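Scroll down for the structure; my scribbles are underneath it.
The values are calculated or read from the model by the stated rules, or taken from the named source; none is laboratory data. Since we're looking at a predicted model, the values are computed, not measured. For neighbour counting, all protein chains shown are included, and Cβ atoms are generated from backbone atoms with ideal geometry for every residue, glycine included.
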Amino acid sequence: MPSHRQLEAFYWTAKLGTLGACAEKICTTQSAVIKRIRQLEQTLGVRLFAREGRHNVLTDEGRTAMRMAEPLLQQHASLLQQFRAPNKPIQRLSIGVTEITAITWLPVLIRQLKLHYPGIILKIVIGMHAELQQMLLNNTIQLSIQQQLPPDSLLHCVDIGELRLMWVGGPEMSTTRSYYLREIASMPIIRQNHESALSQAYDDWLRPHTADSAVFTINSLIATASLVAAGQGISCLPEEYFAPMVTSGQLVRLPTRKQQPRLMYCALFRKQDRNIALYRDVTRIAQAVCRFVPAL
């Protein structure tokens, strides 16, 4: 019968991709992780992983085992939560995220938080960069996942992952040449309002040039992409999420002579807070699952 430790070592190695990351997560050594996975493979009579470079990739049998292991681990955590500390108050957490997180890896983050903290009550707020920062300072939310801010004496800022951006136009745009900054600045740009870090990223990237016109100000990435595809202007959008629209020909990536913009996403939380250990753990989970690709 597989043990909880064996399932835990298997699950986190699969989830995080390396033995070292798993060992750090479950507070043990790599050799202990290897031993537990081998014992599990012997018990099940299958090979769970194949090596690809430095990463452990699930086999077909491993993927099946992964789907079955997650609810078992969740049931184990629920059992401990119920009987080890029955009088412990229910954990509540308010998290602010921007749109790109909401439409990509937020569902995975929520699932992992509920796995780690059975019974947790989550409140999710979706907002713009400046709005979330103010809500955090006002204690309306406890943790914000958003674009990196300048140093703030009141806030911790921990890097989570990089968001790559790309300039795109409609199908009529040329992809056989590189565009100068002044050419991008002269085109009608579909952008978000001043509270968005994306809007600031456009302006920073275009310097010393200034955009001549903004034909629309829209606080929706999906609507922006649709208008660009319809030939109403150009915009700068998250690369990984909108790559399928480029592949299908709905959008055209505009090559530029300057490297295209990038934004660092981070977790923000107040330095003076009694739940700071929780926020750090949530941040570690966010680092493990952060991927700006379309949600499955």
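What are the residues in the stretch 199-254 that are of a type in the set (Phe, Trp, Tyr) and at pLDDT 90 or above, if any?
Restricting attention to the stretch 199-254, the residues satisfying the condition of being of a type in the set (Phe, Trp, Tyr) are 202, 205, 216, 241-242.
Answer for the stretch 199-254, where residues must be of a type in the set (Phe, Trp, Tyr) and at pLDDT 90 or above: TYR241, PHE242.
Within the stretch 255-283, residues that are under 18 Å from GLU240 (Cβ atoms) reach partners that are among the small types (Gly, Ala, Ser) and assigned to a helix (DSSP H, G or I) with beta carbons closer than 9 Å, at six or more positions or on different chains, in the pairs PRO261/ALA201; ARG262/ALA201; LEU263/ALA197; LEU263/ALA201; TYR265/ALA286. Which of (1) out of contact with any Asp or Glu (no Cβ under 9 Å at 6 or more places or on another chain); (2) in contact (Cβ under 8 Å) with a residue 60 or more places away in the chain does TYR11 not meet, given it meets every other one? TYR11 satisfies every listed condition except (1). Which residue pairs have Cβ atoms closer than 9 Å, lie 6 or more positions apart in sequence or on different chains, and pair a first residue in the stretch 96-115 that is without any contact (Cβ under 8 Å) to a residue 40 or more places away in the chain with a second residue that is in a helix (DSSP H, G or I) and of a type in the set (Gly, Ala, Ser)? Hits for this filter: zero, empty list.
So which residues in the stretch 207-234 are exposed (fewer than 14 other Cβ atoms within 10 Å of the Cβ) and touching a residue at least 40 places away in the same chain (Cβ under 8 Å), if there are any at all? Listed by number, the residues that qualify are SER220, ILE222, ALA230, GLY231.
Out of all the residues in the stretch 119-134, is one or more surrounded by 14 or more Cβ atoms within 10 Å (Cβ to Cβ), at pLDDT 90 or above and in a helix (DSSP H, G or I)? Within the stretch 119-134 (the criterion being surrounded by 14 or more Cβ atoms within 10 Å (Cβ to Cβ), at pLDDT 90 or above and in a helix (DSSP H, G or I)), the answer is yes, since at least one residue qualifies. Taken over the stretch 195-206, the criterion of being surrounded by fewer than 17 Cβ atoms within 10 Å (Cβ to Cβ) and either touching a Ser or Thr at 6+ places or on another chain (Cβ under 9 Å) or among the hydroxyl-bearing types (Ser, Thr, Tyr) (or both) is satisfied by ASP203 alone.
Results for (1) of a type outside the set (Val, Ile, Thr); (2) over 24 Å from the mean Cα position of the chain (by Cα), shown as yes or no for each residue.
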position	(1), (2)
GLN232	yes, yes
VAL252	no, yes
ALA267	yes, no
LYS271	yes, no
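Among the candidates GLU162, GLU183, GLU240, GLU172, the residue that is surrounded by fewer than 20 Cβ atoms within 10 Å (Cβ to Cβ) and part of a loop (DSSP other than H, G, I, E, B) is uniquely GLU172. All conditions but one from (1) within 30 Å of ARG284 (Cβ to Cβ); (2) among the aliphatic types (A, V, I, L, M); (3) in a strand (DSSP E or B) apply to LEU149; the one that does not is (3).
Taking the numbered list (1) modelled with pLDDT under 90; (2) assigned by TED's automatic domain parsing to the domain that holds LEU16 in turn, LEU48 passes all entries but (1).
On inspection, GLU195 fails the criterion of being more than 30 Å from the chain's Cα centre (by Cα) and either modelled with pLDDT under 90 or assigned to a loop (DSSP other than H, G, I, E, B) (or both).
Look at (1) within 15 Å of VAL282 (Cβ to Cβ); (2) not assigned by TED's automatic domain parsing to the domain that holds GLN272 and you find that GLU172 fails only one, number (1).
Filtered by the rule that a residue be exposed (fewer than 14 other Cβ atoms within 10 Å of the Cβ) and in a strand (DSSP E or B), the stretch 248-276 gives ARG262, MET264.
Does ILE190 count as aliphatic (A, V, I, L, M), in a strand (DSSP E or B) and under 30 Å from ILE126 (Cβ atoms)? Spelling it out, ILE190 is indeed aliphatic (A, V, I, L, M), in a strand (DSSP E or B) and under 30 Å from ILE126 (Cβ atoms). Checking each residue in the stretch 25-35 for being surrounded by 15 or more Cβ atoms within 10 Å (Cβ to Cβ) and assigned to a helix (DSSP H, G or I) picks out LYS25, GLN30, ALA32, VAL33, ILE34, LYS35.
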